[in-house]
Amino acid sequence: MTFKMAILAAVLTLGATANAQQHENIQTPAQAIEALKEGNTRFITDNRTLPNQCKDHRKSLKKSQAPFAAIVTCSDSRVPAELLFDNGFGDLFVIRTAGNTVVDSSTQGSVDYAVNHLGVKLIVVLGHTNCGAIKAVVTSTGNDTPKCAHEASMQGELPTLIGKIADCIPQYKGKSESFDEAIMANVHAQSEKIAALPHVQAQMAEGKLAVVSALYDLKTGEVIFE
Ligand SMILES: [Zn+2]
């Protein structure tokens, strides 16, 4: 190896180390929230460090994972959790559905897995501004089958999903003037559902886990925690 190559190798090694974000210092729900807030600040100020994204780190995770937080968020393509929290491989257990819901066994079971098996310290229900799923609820009319402004696209299982979200926030059906309020009401409703899960309750009682609500602003990139 030439001297130049040795220097390059040393720099690359240093870079990989600097980019590795360890979870050992995230042992409490409060520390997990702080880590997410710091990552989002890096994201919105264009100071991303892109931690835990190098090849070596990816390889180190091939046998196990220990994410510090679970994020229940929307499938919306504008809400990629790892990017907006400036995190990488192995950091976040992300459950994504249209409208960031836990209205069925697959999503609730995923939360249980994150809590029981992976030992996450925090669960964040993350809604976002201008959420199409919630828009479908607030523009819906009728009682059983939502007939929203996008009726032509309400095919297959989508009406069922929108109906389940509407059941969580029935007071906002047809209330398009309260769109922003409805988005947060849905976030709160999902947080409450999660907090009521027996395994989650047990961990919360011991102070090992917290469930928090948050909103991602599509325009500013900021995640506002409650
Ligand atoms: Zn959405």
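The values are calculated or read from the model by the stated rules, or taken from the named source; none is laboratory data. Keep in mind the model is a prediction, meaning the values are calculated, not measured. Cβ atoms come from the backbone with ideal geometry, glycine included; neighbour counts cover every protein chain shown. Only protein heavy atoms, including side chains, enter the accessible area calculation; ligands, DNA and RNA are left aside. Shrake-Rupley method; radii C 1.70, N 1.55, O 1.52, S 1.80 Å.
Across 86, 112, 56, mean-square fluctuation computed from a Gaussian network of the chain (C-alpha pairs under 10 Å connected) peaks at 56.
At 0.36 nm per residue, and after removing the present C-alpha to C-alpha distance, how many nm does the segment from residue 22 to residue 44 gain when stretched out fully?
Numbers: separation 22, 0.36 × 22 = 7.92 nm, distance 2.18 nm.
Here the answer is 5.7 nm.
Of 104, 76, 91, the residue with the largest accessible area leads and the full order is 104, 76, 91 (1.4 Å probe).
3J(HN,Hα) couplings calculated from phi for the stretch 201-218 with the Karplus curve 6.51 cos²θ - 1.76 cosθ + 1.60 (θ = phi - 60°) are, in sequence order, 4, 4, 5, 5, 4, 8, x, 8, 8, 9, 10, 10, 9, 8, 10, 9, 8, 4 Hz; Gly and Pro show x. On a 0 to 90° scale, report how tilted helix 105-116 is relative to the longest principal axis of the chain, with both axes built from alpha carbons and the result rounded to the nearest 10. Relative to the chain, helix 105-116 is tipped by roughly 40 degrees.
Explain nothing, just the number: dipole magnitude of the chain about its Cα centre with +1 on each Lys and Arg Cβ and -1 on each Asp and Glu Cβ, in debye rounded to the nearest 20.
Computed about the Cα centre, the dipole is about 740 debye.
Taking every DSSP beta bridge with both residues inside the chain, roughly what % is antiparallel (nearest 5)?
Percent antiparallel among DSSP bridges in the chain is about 15.
Excluding same-chain neighbours fewer than eight residues apart, the aspartates and glutamates reachable from residue 219 by a Cα-Cα span under 16 Å are 46, 76, 180.
With a 10 Å cut-off between alpha carbons and a GNM built on the chain, which of 109, 88, 119 moves the most? Its mean-square fluctuation being the largest, the pick is 109. Pairing the Cα long axis of helix 29-44 with the longest principal axis of the chain, what angle in degrees results, from 0 to 90 and rounded to the nearest 10? With rounding to tens, the tilt is 80 degrees.
Can you work out the base-10 log of I(q)/I(0) for the chain at q = 0.10, 0.11, 0.18 1/Å, using the Debye formula on its C-alpha atoms alone? Evaluating at q = 0.10, 0.11, 0.18 Å⁻¹ gives log10 I(q)/I(0) of -0.50, -0.59, -1.27.
Positive end of the dipole of the stretch 28-225 (Cβ unit charges, origin at the Cα centre): among 79, 52, 203, the Cα lying farthest that way belongs to 52.
What FRET efficiency would be calculated for the residue pair residue 167, residue 226, taking the C-beta separation as r and a Förster radius of 25 Å, to the nearest 0.05? With a Förster radius of 25 Å, E is 0.65. Mean residue ellipticity, 222 nm, helices only, the chain: the sum of -39500 (n - 2.57) across DSSP H runs of n ≥ 4, divided by residue count and rounded to 500, is -13000 deg cm²/dmol.
Could you tell me which of the pairs 59/193; 121/193; 135/208; 59/121; 173/193 are separated by over 29 angstrom between their Cα atoms in the structure shown?
Numbers: 59/193 35 Å; 121/193 17 Å; 135/208 35 Å; 59/121 24 Å; 173/193 20 Å.
Those over the limit are 59/193; 135/208.
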